[in-house]
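S.K.: Got a structure for you, written out below as structure tokens; questions coming shortly.
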Amino acid sequence: MSDQHELARRTPKFDPGQILATPGAIVAIEFARASAVELLRRHLSGDWGDLDDADKRLNDEALTTDGRILSAYTLADGQKVWIITEADRSATTILTPDEY
């Protein structure tokens, strides 16, 4: 991997604000032996996860229009985790869909 590609992969596309996680998300991530830091890195770098193309385009637009950004990831055990950054970039929350 080139140094330029690695830098782009690590450079956040937006400010997450305060980072929060719900109890259900913490349990799901730990149970699946996943990394909350890696999921957050993916979200901040523009890897929106398991969204359809229309929702990915909305996220891409939200980068410049200050809209809400949602990423969805399926963990190794099948559990789903969402990461939502508020439109005003005040907070980013990791949660499970049933906690929304």
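The values are calculated or read from the model by the stated rules, or taken from the named source; none is laboratory data. Please read all numbers here as calculations on a predicted model, not as lab measurements. Reconstructed Cβ throughout: ideal geometry from the backbone, glycine too, with neighbour counts over all protein chains shown.
S.K.: Counting only residues that are part of a helix (DSSP H, G or I) and of a type in the set (Asp, Glu), which one in region 50-59 is farthest from the chain's Cα centre (by Cα)?
M.R.: Per the criteria, the residue is ASP53.
S.K.: Are any of the residues in region 84-97 out of contact with any Leu (no Cβ under 7 Å at 6 or more places or on another chain), in a helix (DSSP H, G or I), free of Cβ contacts under 8 Å to residues at least 40 places away in the same chain and surrounded by fewer than 16 Cβ atoms within 10 Å (Cβ to Cβ)?
M.R.: Scanning region 84-97, I find at least one residue that is out of contact with any Leu (no Cβ under 7 Å at 6 or more places or on another chain), in a helix (DSSP H, G or I), free of Cβ contacts under 8 Å to residues at least 40 places away in the same chain and surrounded by fewer than 16 Cβ atoms within 10 Å (Cβ to Cβ), so the answer is yes.
S.K.: Separate question: Going by the structure shown, is ALA62 part of a helix (DSSP H, G or I) and modelled with pLDDT of 95 or more?
M.R.: When the stated conditions are applied, ALA62 passes them.
S.K.: So LEU40 clears everything in (1) surrounded by fewer than 16 Cβ atoms within 10 Å (Cβ to Cβ); (2) outside any loop (DSSP other than H, G, I, E, B); (3) hydrophobic (A, V, I, L, M, F, W, C) except one condition, right? Which one?
M.R.: (1)
S.K.: Sticking with this structure for a sec: Which residue is surrounded by the most Cβ atoms within 10 Å (Cβ to Cβ), if the candidates are limited to region 45-79 and must be touching a residue at least 40 places away in the same chain (Cβ under 8 Å) and not acidic (Asp, Glu)?
M.R.: Among them, the one singled out is ILE69.
S.K.: Can you name the condition, by its number, that LEU70 falls short on among (1) at pLDDT below 95; (2) in contact with a helix residue (DSSP H, G or I) (Cβ under 9 Å, 6 or more places away or on another chain)?
M.R.: All conditions are met except number (1).
S.K.: Restricting the first residue to region 28-44 and requiring it to be closer than 12 Å to THR92 by Cβ, which pairs with a second residue that is part of a loop (DSSP other than H, G, I, E, B) and of a type in the set (D, E, K, R) meet a Cβ separation below 6 Å and a spacing of at least six or different chains?
M.R.: none
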